[in-house]
Amino acid sequence: LIKQFSGSQTTPMLMDWDSLPGESVENRLSQLSRWCLDAHQLGAQFGLQVPGHLVKPKVGAAHLDECSTILALFDAQHSA
């Protein structure tokens with residue numbers, strides 16, 4: 001007999017503004033958006049940290065919508 005475990009126990013990811021030093025605001029927003037979409041598609045827990053916002057790691061369409069909205073409405077003045 002073989003007991004096989006399956007599951008998607010992964011470490012939550014944090015999509016962090018500060019992990020992209022030297023990039024323009026638009027490039028940072030684009031990359032963070034891509035990472036959020038990729039993590040969502042994989043069903044992974046992810047969070048988002050940009051100046052003025054911290055979204056704790058979660059999963060689901062509503063979570064992706066929240067992160068996408070924050071990125072879409074990001075005020076570049078907060079990036080300084």
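The values are calculated or read from the model by the stated rules, or taken from the named source; none is laboratory data. Nothing here was measured: the structure is a model prediction, and the numbers come from that model. Please note: Cβ atoms are built from the backbone with ideal geometry, for glycine as well, and neighbour counts cover all protein chains shown. The accessibility values were calculated without ligands, DNA or RNA, using every heavy atom of the protein model including side chains. Shrake-Rupley method; radii C 1.70, N 1.55, O 1.52, S 1.80 Å.
Taken over the stretch 33-56, the criterion of being assigned to a helix (DSSP H, G or I) and touching a helix residue (DSSP H, G or I) at 6+ places or on another chain (Cβ under 6 Å) is satisfied by Ser33, Cys36, His40.
In the stretch 15-26, the qualifying residues are those that are part of a helix (DSSP H, G or I) and open to solvent by less than 80 Å² (accessible area, probe 1.4 Å), and the one that is nearest to Glu66 (Cα to Cα) is Trp17.
Summed over the stretch 19-61, the residues that are closer than 19 Å to Phe74 by Cβ, more than 11 Å from the chain's Cα centre (by Cα) and not polar (S, T, N, Q) give a count of 10.
Residue-wise test of (1) open to solvent by 70 Å² or more (accessible area, probe 1.4 Å); (2) modelled with pLDDT under 95; (3) in contact with a Ser or Thr (Cβ under 7 Å, 6 or more places away or on another chain).
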residue: Lys3; (1), (2), (3): yes, yes, no
residue: Ser8; (1), (2), (3): yes, yes, no
residue: Leu37; (1), (2), (3): yes, no, no
residue: His40; (1), (2), (3): no, no, no
residue: Ala44; (1), (2), (3): no, yes, yes
residue: Gln49; (1), (2), (3): no, no, no
residue: Val59; (1), (2), (3): yes, no, no
